[in-house]
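The values are calculated or read from the model by the stated rules, or taken from the named source; none is laboratory data. Remember, predicted model here, so these are calculated numbers, not experimental data. Note that each Cβ is placed from the backbone with ideal geometry, even for glycine, and that neighbours are counted across all protein chains shown. Just so you know, the surface numbers come from the protein's heavy atoms only, side chains and all, with ligands and any DNA or RNA stripped out. Shrake-Rupley method; radii C 1.70, N 1.55, O 1.52, S 1.80 Å.
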Amino acid sequence: MTITQDDLRYDPDRKLKVVGTTPIKPDGVDKVTGRAKFGADVHLPGMLVGKVLRSPYAHAIIESIDTSAAEALAGVKAVVTRDDFPELPPGEFRNISCNFMAREKAFYDGHAVAAVAATSERIAKKALKLIVVDYQVLPHVIDVMDAIKPDAPILFEDMVTQGMDPARGGPTNIVQRKEFTMGDADAGFAEADIIVERVFDTKPMHQGYIEPQACVANYTEDGQTELWCCTQGHFIYRTRLAAVLKMDISKIRVTQSELGGGFGGKTMFYIEPVAIALSRKANRPVKITLTRNEVLRATGPVAGTHSRIKMGMTKDGKFTAAEAELYFQTGPFTGSAFVNAPQAMFTRYDLQNIRAVGYEVVSNRPKVNAFRAPCVPQVVFGVEGVIDELAKKIGMDPIDLRLRNAAVEGYETIYGATFGPVGFVETLEAAKAHPHYTAPLGANQGRGVATGFWFNRGGETTASLNITPDGTVTLLLGNPDVAGSRVSICMMVAEELGIGVDKVRPIIGDTSTLGFNRVTAGSRVTFSAGIAVVLSARKAIKILCQRAAMMWDVPEDGVVFEDGHVRPASSNVGDFEPLSIADIAKKATETGGPIAGHAEIVAEGAGPGFGCHIVDVEVDKETGAVKIVRYTVVQDAGKAIHPHQVEGQYQGAAAQGIGWALNEEYIYDQDGRMENAGFLDYRIPVASDLPMIDTVIIEVPNPLHPYGLRGVGEVPLVPTMAAIANAIDDAIGIRPRSLPMSPPKVLKLIEEAAEGRDRA
Amino acid sequence: MDELRYEAPETLDAAVALLAGADGDARILAGGTDVLVLLHCDMIEPDLLIDIKKIPELTGIAEEDGGFRVGAAVSAMELVEHDAFPKAWPGVVEGVKLIGSIQIKGRATMGGNVCNASPAADSVPALIAAGAIGTIVGPDGRRDVPVEDIATAPGQTSLGKGEILVSFLFPPRPPHSGDAYRRFTPRTEMDIAVVGVGISLTLDDGGTCTAARVVLGAVAARALLVADAAAVLIGTPLDEAALERLAAVASAACRPIDDKRGTKEFRIKVAGVLARRVAQDAYERARGN
């Protein structure tokens, strides 16, 4: 009988030898020695340098582009513009195409309008200056709420809001409206003794990966393309490249590099089709490497939001209803994933009456891209702030209020699924019991807590496992490793096969080596690839057993696999020394050929994840500066395969959230040009801005995974900004409702409150 | 294609001759932490870079006339790790320590920090407060100018064609003297001052301030030496009333702009807050000396 995903269920009684330990990562040594190859590390003979010309205007019609002078410059081998890419019908691929190379209009400062390939960077830069673009500059709009005003500049004259009554008609920047409801919100509010309704704003932030995008494209005379790039999903890049370039999928081979950070920002390409078009025209390989300025001006920020959030509660602390009206800035094109927000924002509380409406709005900023739990942290900033206020109103401990309302197994969610075993209660109880929660606070300090949820994802996943002649294992995986997934996946293989993790050597295969793998995103990879490799290993084990039975000349059901050896099932079978994998592999040629296992699945059964953050801040009341003095992340991992990798996810996400909370924002001048397109003035936190971020891993196993794991990468960002806002409120008695909570803004809150008190 | 020329002369005369005789855009390269960044960002396109790190007069730290002479191309870390200098001028070192990360400070120089002429330069307020004198050599010889007269506006200095800032002379320290520098930045490090304040004080035996220099950075087109703020402190034991007046005078002296790094309103307010804190730091040090 064939083994399938359904046969792989969590076994609580299984004794583990490898899973749960912390071996060195297979990619670790190359990373610390500098040997690891990142996006910009590919060099081919005859390679040209590609550079992109970008719009200096936030919104402009491109009347014409004259490339003749650039083409005439010695050393320039190709120039491409919108004319070098196929016209596509309206839809996702046309939007992608219009974003990587502007067509009728430039929609933001930094929007690509042309590109050159030349024999040196200096020549390429000179050639860019020789390209003459005739722009008709239009009024622009940056902020999401400005973009929905009646007199706002309109990006697309033909835009009609999807999901809204067309009778409302007229030019609009609202792409779509989506409503999610469960129960009866009005009835729920009628039952409430206390209702809190507040408005919150968040700013777009950048994913802040340290490695700028880089790629090398090599288009060959027979119409094939090789592409090396840094991506979270080389398979999805291939699919989209084929669509926007009108090529066969099989003629594009994408090899992913090691990834210097992605966080969702490398799930969509910007330069890859441009490099391919340049290579096709120049008949030479072309490398494009973005500068930090280009990364910040033209690659995916995270949606900024405006939200109104209302929650009702009885006087003994039971939530009765929740309502939300949410506006998401998506850049010039749809694709913000904003529908995650209404589905995830309240999910973790036992709410029966919810109405949540989201609007997606275009404006003259770069097209947004995914970021850990796309679009959810922005609105949880509001939800957890409202809950904090509700707790204060009835004088209840904020964790107790959340425990009072925590969803448990059997809860039917707004998105249709019913919770299986979930670890929200366990997470909250551990947070409450943590010494941090009761530690004394110093002067000007405050403490906040907040919680978060993420669905976690599965999806298409493939893997191929080969047993080499000496019994060691090579593993071919299809998902770029953004976060230590490789080591965790190898550990599951080692556990299955009863061998050391150093005997399992993984590589990430290019797109021609395996079947399609969904992008590395949504906290899906260690979960999904874990299932795929366990399935592969069990298929290989079945073959190992067959081969051993053959070697002993006994029936196949007369042998068992235990601790890396095939043994006789009982003494009745015969007196045989157990055979190691190496013993069987050595004889593979005589027993039927090489031994392998592979899997091609749609991984199902991802278990939702929950976290609770505790943060202490210290506020300098004279300058508004907020210092994070202590931070603890408590989160359910289902099972931590490699606890250090899990802790790294908790800490890294919290660090990013601290930046988003305190300082990160895009600053535009009055012409819509980004003024802080560099890490000096786009302020992600530096090491000295952060305390040691403590972590507590809760393990409530996911029954649908062979090792019980849940994805962990998205959840730890979700509560961060809310927790910090709650802590600031605790320190100064005023709740910030707008990000970033930067010193000038916090100082203003303090001053306004002081004036208010004086008046009183 | 025009090529960028690089020269590393070993004498001051050779460097001055190169700089004075250059056609096109010639730039001095000390640590390179500003020039190379500008070059890589395509913000400058120099024809000639003159590396001055091989010239002895620019790279030494020596005691002179009871004070110190520090070469303009001495790296920030050399100064920070010097045996004697940080004890004499802890405030200057506080400023120097804030010029970027340790790696950047291994290259960055005070001379470069002054000549880059950023109003937010971290070493400059404390240098001016210290009364440091810059020695400048050019085709017409040598001249000495107070550091406050070198930068004139953002990116602009009073140096003439062919002139090079060679060294800083720090005066001898009277007893009961202390200096300090603080800046405000949203991040703890790797950031540009939104406001910077450098103060140097001398006290009498009873703790009354007899001399003071108060300098504000990042609140005007160049660092401001605020005589009125010093006057508020002189004759006082830096009591609450004096500190209160100092904060008010410092805020009033600001002529900031609104920009991506801070608003006028915020800078004005924080300049007063920092002036008070820095004065207290300097006072504690002066009492300890």
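Taking the square root of 5 times each eigenvalue of the Cα gyration tensor, what semi-axes in Å does the equivalent ellipsoid of the range B:56-170 have, largest first?
Details: eigenvalues 82, 54, 33 Å².
Semi-axes from the Cα gyration tensor: 20, 16, 13 Å.
How much FRET efficiency would the formula 1/(1 + (r/R0)^6) give for A:Ile734 and A:Ala190, where r is the Cβ-Cβ distance and R0 is 25 Å, rounded to 0.05?
On the way: r = 31 Å, r/R0 = 1.24.
Working from the Cβ atoms, E equals 0.20.
With label points built 7 Å along Cα→Cβ from the Cα atoms of A:Ala443 and B:Gln280, find their separation and express it in nm.
0.8 nm
PRE reach from B:Ala211 (point 7 Å along Cα→Cβ): which of the range B:144-180 fall under 13 Å by backbone N?
Inside the label zone: B:170-179.
How long is the gain from B:Asp239 to B:Asp65 if the chain were fully straight, where each residue apart is worth 0.36 nm and the alpha carbon distance is subtracted? Display every interim value, and only then the final one.
Values: separation 174, 0.36 × 174 = 62.64 nm, distance 3.41 nm.
Using 0.36 nm per residue and subtracting the Cα-Cα distance, I get 59.2 nm.
Could you work out [θ]222 nm for chain B from helices alone, using -39500 (n - 2.57) per DSSP H run of at least four and dividing by all its residues? Round to the nearest 500 deg cm²/dmol. Present the calculation step by step, with values, prior to reporting the outcome.
Details: 12 runs with 99 residues, N = 289.
The helix contribution divided over chain B gives -9500 deg cm²/dmol.
To test your reading of the geometry: what angle, between 0 and 90 degrees and rounded to tens, separates the Cα axis of helix B:240-253 from the longest principal axis of chain B?
40 degrees
Could you tell me how far the Cα centroid of the range A:93-165 sits from the Cα centroid of the range B:1-36, in Å?
Between the Cα centres of the range B:1-36 and the range A:93-165 lies a distance of 41 Å.
What is the range A:218-356's relative contact order, in percent, from Cα pairs under 8 angstrom and six or more apart in sequence?
On the way: 170 pairs, mean separation 26.3, N = 139.
Answer for the range A:218-356 is 19 percent.
For the range B:5-49, rounded, prolate or oblate, judged on the Cα gyration tensor with a ≥ b ≥ c (square roots of eigenvalues), a/c < 1.5 rounded, else prolate if a/b > b/c?
Working: a/c = 3.03, a/b = 1.61, b/c = 1.87.
Because a/c hits 1.5 or more and a/b fails to exceed b/c, the range B:5-49 counts as oblate.
For B:Lys54, which aspartates and glutamates qualify as cross-link partners when the Cα separation must be under 20 Å and same-chain residues fewer than eight apart are set aside?
Leaving aside aspartates and glutamates fewer than 8 places away in the same chain, those within reach of B:Lys54 are B:Glu7, B:Glu10, B:Asp13, B:Asp34, B:Glu78, B:Glu163.
Percentage of Cα-Cα pair distances in the range B:177-288 greater than 22 Å, rounded to whole percent?
Values: 1658 of 6216 pairs.
The calculated P(r) of the range B:177-288 puts 27 percent of pairs beyond 22 Å.
Could you pull out every residue, at least 5 positions away or on a different chain, whose amide H is within less than 5 Å of the one on A:Ala677? Hs are placed 1.01 Å off N in the peptide plane, and Pro or chain starts have none.
The answer is none.
Hey, for a label at A:Ile394 modelled as a point 7 Å past Cα toward Cβ, could you say which residues of the range A:300-318 have their backbone N under 18 Å away?
Counting only backbone N, you get A:310-318.
For a distance above 60 Å, tell me the whole-number percent of Cα pairs in the protein assembly as shown that qualify. Mind dumping the intermediate values first?
Numbers: 90314 of 549676 pairs.
Pairs farther apart than 60 Å: 16 percent.
Using the crude model of +1 on Lys and Arg Cβ and -1 on Asp and Glu Cβ, and no other charge, please compute the dipole size for the range B:56-170 relative to its Cα centre, in debye to 20. Walk me through the numbers on the way to the answer.
Numbers: 8 positive and 14 negative charges, 61 e Å.
Roughly 300 debye for the range B:56-170.
Hey, what's the range B:1-159 come to in accessible area per residue, 1.4 Å probe, Å²? Mind dumping the intermediate values first?
Values: 7110 Å² over 159 residues.
Per-residue value: 45 Å².
State which entries of A:Lys31/A:Lys539; A:Lys748/B:Lys264; A:Lys77/A:Lys129; A:Lys105/B:Lys260; A:Lys503/A:Lys542; A:Lys621/B:Lys269 exceed 21 angstrom in Cα-Cα distance in the structure shown. List each step's numbers first, then the result.
Details: A:Lys31/A:Lys539 33 Å; A:Lys748/B:Lys264 13 Å; A:Lys77/A:Lys129 16 Å; A:Lys105/B:Lys260 28 Å; A:Lys503/A:Lys542 19 Å; A:Lys621/B:Lys269 12 Å.
The answer is A:Lys31/A:Lys539; A:Lys105/B:Lys260.
Tally the DSSP beta bridges in chain B and give the antiparallel ones as a percent, rounded to 5. Could you put the intermediate results ahead of the total?
On the way: 41 of 48 bridges.
Antiparallel bridges: around 85 percent, rounded to the nearest 5.
Nearest 10 degrees is fine. How inclined is helix B:12-21 to the longest principal axis of chain B, computing both from alpha carbons?
The angle comes out at about 70 degrees.
Residue-wise, which Karplus ³J(HN,Hα) couplings in Hz belong to the range A:685-690, taking 6.51 cos²θ - 1.76 cosθ + 1.60, θ = phi - 60°, and x for glycine or proline?
Couplings: x, 9, 3, 6, 7, 10 Hz.
Leaving out ligands and nucleic acids, note down the accessible area per residue over the range B:177-288 with a 1.4 angstrom probe, in whole Å².
Details: 4220 Å² over 112 residues.
Dividing the accessible area of the range B:177-288 by its residue count gives 38 Å².
Given the options B:Ser167, B:Ile150, B:Gly178, identify the residue whose Cα lies farthest towards the positive end of the charge dipole of the range B:139-182 (+1 on Cβ of Lys, Arg; -1 on Cβ of Asp, Glu).
The residue sitting farthest along the positive end of the dipole is B:Gly178.
Computed FRET efficiency, Cβ-Cβ of B:Lys54 and A:Asp222, R0 60 Å: what is it to the nearest 0.05?
On the way: r = 56 Å, r/R0 = 0.93.
After rounding to 0.05, the efficiency reads 0.60.
If a helix is a whole DSSP H run, which ones in chain A reach 27 Å or further along their own axis (Cα) and hold a mean Kyte-Doolittle hydropathy of at least 0.5? Please list the in-between numbers first.
Working: long enough: A:525-552 (39 Å, 1.06); A:643-662 (28 Å, -0.32).
Taking the DSSP H segments of chain A (at least 27 Å long, mean hydropathy at least 0.5), we get A:525-552.
Hey, got a sec? Which GluC sites (Glu not before Pro) in the range A:192-276 land in a DSSP loop and have at most 14 other Cβ atoms within 10 Å? Kindly include the intermediate steps, with their values, before the conclusion.
Numbers: sites: A:Glu197, A:Glu221, A:Glu226, A:Glu258; in loops: A:Glu221, A:Glu258.
Qualifying residues, ordered by number: A:Glu221.
According to a simple spin-label model (label point 7 Å from Cα along Cα-to-Cβ), what is the distance in nm between B:Gln156 and B:Asp258?
2.4 nm
If amide H atoms are built 1.01 Å from N in the plane of the peptide, which residues on other chains or at least 5 residues away come under 5 Å of the amide H of A:Gly420?
A:Gly410
Report, in debye and to the nearest 20, how large the dipole of the protein assembly as shown comes out about its Cα centre when Lys and Arg carry +1 and Asp and Glu carry -1 on their Cβ. Present the calculation step by step, with values, prior to reporting the outcome.
Values: 107 positive and 133 negative charges, 120 e Å.
Dipole of the protein assembly as shown, to the nearest 20 debye: 580 debye.
For the residue pair A:Lys37 and A:Ile507, what label-to-label distance in nm results when each label sits 7 Å from Cα along the Cα-to-beta-carbon direction?
Label-label distance for A:Lys37 and A:Ile507, simple model: 0.9 nm.
Taking the Cα atoms only, what angle lies between the long axis of helix B:264-288 and the longest principal axis of chain B, rounded to 10 degrees?
80 degrees
Could you tell me what percent of the DSSP beta bridges with both partners in chain A are antiparallel, to the nearest 5? Let's see the in-between values first.
Details: 96 of 126 bridges.
Looking only at bridges with both residues in chain A, the antiparallel portion is about 75 percent.
If you take the C-alpha gyration tensor of chain B, multiply each eigenvalue by 5 and take the square root, what semi-axes do you get, largest first, in whole Å? Write down the numbers at each step before the final one.
Numbers: eigenvalues 217, 92, 47 Å².
For chain B, the ellipsoid semi-axes come out as 33, 21, 15 Å.
Give the cross-link partners of A:Lys25 among the aspartates and glutamates, using a straight C-alpha distance below 17 Å as the criterion and excluding same-chain residues fewer than 8 apart.
A:Lys25 reaches A:Glu258, A:Asp481, A:Glu495, A:Asp502, A:Glu647.
Below 8 Å, C-alpha to C-alpha, sequence gap of six or more: please give me the relative contact order for chain A in percent.
Numbers: 1936 pairs, mean separation 121.7, N = 760.
Over chain A, the number comes to 16 percent.
Percent relative contact order of the range B:177-288, based on C-alpha pairs within less than 8 angstrom and at least six residues apart? Please report the intermediate quantities before stating the final value.
Details: 230 pairs, mean separation 35.1, N = 112.
It comes to 31 percent, rounded to a whole number.
Test of understanding: express the Cα radius of gyration of the range A:526-636 as a ratio to 2.2 N^0.38 Å, with N the residue count.
Numbers: Rg = 25.8 Å, N = 111, 2.2 N^0.38 = 13.2 Å.
Normalised by 2.2 N^0.38 Å, the Cα Rg of the range A:526-636 equals 1.96.
Per DSSP helix of 4 or more residues, -39500 (n - 2.57); summed, then divided by the residues of chain A. What does that give at 222 nm, rounded to the nearest 500? Numbers along the way, then the final one.
Working: 21 runs with 216 residues, N = 760.
Mean residue ellipticity, 222 nm, calculated: -8500 deg cm²/dmol.
Each residue of the range A:66-72 in turn: what ³J(HN,Hα) in whole Hz from Karplus with 6.51, -1.76, 1.60 and θ = phi - 60°, glycine and Pro shown as x?
Working through the residues one at a time gives 10, 9, 5, 5, 5, 5, 7 Hz.
Running a GNM on chain B with Cα contacts under 10 Å, which residue among B:Lys105, B:Lys53, B:Lys264 ends up with the highest mean-square fluctuation?
So, out of B:Lys105, B:Lys53, B:Lys264, the one fluctuating most is B:Lys264.
Please list the non-local residues whose amide H lies under 5 Å from the amide H of A:Thr231, H modeled 1.01 Å from N, same-chain partners needing a gap of 5 or more.
Hits under the 5 Å cutoff: A:Ser257.
Please work out the Cα center distance from the range A:514-567 to the range A:232-284, rounded to the nearest Å.
If we compute the Cα centre of each part, the gap is 33 Å.
Where nothing but the Cβ of Lys and Arg (+1) and of Asp and Glu (-1) is charged, how large is the charge dipole of chain B around its Cα centre, in debye to the nearest 20? The partial results should precede the final answer.
Numbers: 29 positive and 40 negative charges, 191 e Å.
Result for chain B is approximately 920 debye, rounded to the nearest 20.
List the residues of the range A:625-665 whose accessible area drops by at least 50 Å² when all protein chains are present, compared with their chain alone, using a 1.4 Å probe and counting only protein heavy atoms.
Residues passing the criterion (a loss of at least 50 Å², heavy atoms only) do not exist in the range A:625-665.
Which whole-angstrom value gives the distance between the alpha carbon centres of the range A:439-479 and the range B:119-184?
Answer, in whole Å: 54.
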